[in-house]
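The values are calculated or read from the model by the stated rules, or taken from the named source; none is laboratory data. In this text the structure is predicted, and so the values were computed from the model without any measurement. Here Cβ is always computed from backbone atoms with ideal geometry, including for glycine, and neighbour counts include all displayed protein chains. These area figures cover heavy atoms from the full protein model, side chains too; ligands, DNA and RNA do not enter into them. Shrake-Rupley method; radii C 1.70, N 1.55, O 1.52, S 1.80 Å.
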Amino acid sequence: MSVLSDQLVTVAVLAYLVAMIGHAVEYALGNARVRVGTPARELVGAGVGASGDGGSGPEPAVAGATAVERTVAERTAARARAAGLGAVAVTVVAALLHLGALIARGVAADRMPWGNMYEFVLTVSFIGVAGWLVVLWKRPTLRRLGLFLTLVMMLLVATAELVLYTPVVPLVPALNSYWFIIHVATIVFSSGIFLLGVVPAAAYLMRAGYEQGRRSFPYLLAKRMPAAAALERLTFVLHAFSFPIFTFAVIAGAIWAEAAWGRPWGWDPKETWAFISWVVYAGYLHARATPSVRRNVATWLAVLGFLTVLMNLFGVNIFFEGLHSYGGLD
């Protein structure tokens, strides 16, 4: 089962890559211009670049276009939509392969697959992509965010496989507790939603700049993204949903620490960075609820919060030693 899990992870990475390419094709076709017999004309209301409504493809109508030009525009729109829908279908397949790899890993280890950094990253990234598919099911107009989401998934899962891989080993004795499931499950779930939340947060910062007239890199990448207001709302909803779960996870960790080590809090590196993440995310939600704070300032706090999560996951495990040294890296 361990070998099967490894193989499924490899195929999942390739599937995420294919999905990313599909989304990139849709994105590129959405930026296409019609050049048939007359100077290039930008598609009127094409995608979200003009209307900002998060449309899934370029509009076939072209102002003052000939019949041939309209036909070309309609074909381009159809191809873009087909590429986007195909990318979503491949993302679903990749997520199923990802889930299969986690199940096979858990069966091989005879435990929940959260015992080291490799397994943790695989699980967090799966929660992120599963959450994305739920968001996409509710809001299909956000499909173009899939380009950035699949990029993040491919990089994370590939990093887990190539850098963080650890053979199946028994659970560290200190983790043999029912609190392992309670604490780690909530940390994994909330971290996965934070991972998903940082994608629209970064997209919002680029799109807001684009809507303000900025045309330099990286703002130009936001031309075909959903409207900034929609991205900002999605960012807030995801973080508001995940933050209470993360708070419970930190509290559960303190209760477990009291039972395992005789103290609820000892400023261990992971405890410290979990507290830093909690403060930053609380600051984001507070700033988001304060009318006098600009939305881009609040969103930068959300991005900073995820950077602290990455620091807790990678930096603490690699550069620090403490009671939470279960990364599995040599």
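Accessible surface area normalised per residue over the chain is 45 Å², counting heavy atoms of protein chains with a 1.4 Å rolling probe. So, with a 1.4 angstrom probe, what is the percent of accessible area on the chain that is carbon and sulfur? Summing carbon and sulfur atoms, their accessible area is 70 percent of the total for the chain. Here the 3J(HN,Hα) profile of region 115-127, calculated from phi with Karplus coefficients 6.51, -1.76 and 1.60 at θ = phi - 60°, is x, 7, 4, 4, 5, 5, 5, 4, 6, 4, 5, 5, 4 Hz, Gly and Pro shown as x. Only one of (i) 19.3, 55; (ii) 20.9, 66; (iii) 22.0, 79 was calculated from the structure for Rg and Dmax of the Cα atoms in Å, and its label is (iii).
FRET efficiency for the pair Leu4 and Thr159, taken as 1/(1 + (r/R0)^6) with r the Cβ-Cβ distance and R0 = 22 Å, rounds to 0.60. For the chain, set up a Gaussian network in which alpha carbons nearer than 10 Å are linked by springs, and say which option among Ala252, Ala83, Ala67 fluctuates the most. Comparing Ala252, Ala83, Ala67 in the GNM, the peak value goes to Ala67. For region 209-330, what does the relative contact order come out to in percent, with C-alpha contacts under 8 Å and a separation of six or more? Relative CO of region 209-330 lands at 22 percent. Ile251 sits among other residues whose Cβ lies under 13 Å from its own Cβ, and their net charge, with Lys and Arg +1 and Asp and Glu -1, is -2. Electrostatic bookkeeping for Asp6 treats Lys and Arg as +1 and Asp and Glu as -1; over the other residues with beta carbon under 11 Å from its beta carbon, the sum is 0. Between Ile255 and Ser177, the contour length at 0.36 nm per residue exceeds the Cα-Cα span by 26.9 nm.
The stretch between Phe275 and Val169, if pulled fully straight at 0.36 nm per residue, gains 35.2 nm over its current Cα-Cα span.
Based on Cα contacts under 8 Å between residues 6+ apart, the chain shows a relative contact order of 19 percent. If the segment from Ala24 to Trp300 were pulled out straight at 0.36 nm per residue, it would be longer than the present Cα-Cα gap by 96.8 nm.
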